[in-house]
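Please read the structure below before turning to the comments.
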Amino acid sequence: QVQLVESGGGLVQAGGSLRLSCEVSGRTFSTFDLGWYRQAPGKDREFVAAISWSAGTTEYAASVKDRFDISKDNDKNSVFLEMTSMKPEDTAVYYCNLKWYPGSDYQPFNYWGQGTQVTVSS
């Protein structure tokens with residue numbers, strides 16, 4: 001089984017910074033993306049950022065693209081999310097996500113971490 005373990009969440013003041021880490025272990029895949037989603041209380045889980053493991057291409061939600069940076073370390077099988085200029089609206093549980101693409105004729109399959117709480121105070 002694939003294991004995704006997040007770390008780095010916590011409490012930060014508005015305007016501050018946090019760096020989230022996610023380490024992936026277990027089975028490997030040929031084609032996949034690693035990224036982050038978040039879920040605030042009473043809201044649906046939403047996409048934050050993702051990076052293609054092989055190509056390194058990135059994608060960001062519009063609400064975070066100028067403030068958050070996603071990166072990866074292939075040797076450590078890890079993905080990181082550097083969050084700066086944080087806002088109270090960033091408060092959520094952040095989930096590490098692995099999206100596996102088994103083939104062009106199949107929908108991607110998602111693996112999830114347990115989540116890490118990020119709280120931004122005003």
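The values are calculated or read from the model by the stated rules, or taken from the named source; none is laboratory data. Every value quoted in this text rests on a predicted model; they were computed, and no experiment measured them. Ideal geometry is used to build each Cβ from the backbone, glycine not excepted, and the neighbour counts take in all protein chains shown. The area values use the complete protein model at the heavy-atom level, side chains included, leaving out ligands, DNA and RNA. Shrake-Rupley method; radii C 1.70, N 1.55, O 1.52, S 1.80 Å.
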- Note on the structure: Counting as exposed only trypsin sites (Lys or Arg not before Pro) in DSSP loop states with no more than 10 other Cβ atoms inside 10 Å, the longest exposed-site-free span of the chain is 44-122
- Among chymotrypsin sites (Phe, Trp or Tyr not before Pro) in segment 33-122, those in a DSSP loop whose Cβ has at most 14 other Cβ atoms within 10 Å are 106
- Net charge near residue 89: determine it from the other residues with C-beta under 12 Å of the C-beta of residue 89, scoring Lys and Arg +1 and Asp and Glu -1. +2
- Given Cα pairs under 8 Å that are at least 6 residues apart, what percent is the relative contact order of the chain? 34
- Message: How many angstrom lie between the Cα centre of segment 1-64 and the Cα centre of segment 77-122?
- Response: 3
- Query: For segment 28-70, what is the per residue volume of the convex hull drawn over the alpha-carbon atoms, in cubic angstrom?
  - Reply: 83
- Message: What number comes out for accessible area per residue over the chain if the probe is 1.4 Å? Units Å², please.
- Response: 56
- How much of the accessible area of the chain, probe 1.4 Å, is carbon plus sulfur, in whole percent? 45
- Out of residues 5 or more away from residue 91 or on other chains, whose amide H comes under 5 Å of its own, with H placed 1.01 Å from N in the peptide plane? 120
- Item | Ratio of the Cα radius of gyration of segment 1-84 to 2.2 N^0.38 Å, where N counts its residues | 1.11
- Message: Running a GNM on the chain with Cα contacts under 10 Å, which residue among 50, 62, 14 ends up with the highest mean-square fluctuation?
- Response: 62
- Sort 57, 119, 28 by accessible area with a 1.4 Å probe, largest first. 28, 57, 119
- Task: Between beta-carbons, use under 9 Å as the cut-off and find the net charge around residue 51, counting Lys and Arg +1, Asp and Glu -1.
- Result: -1
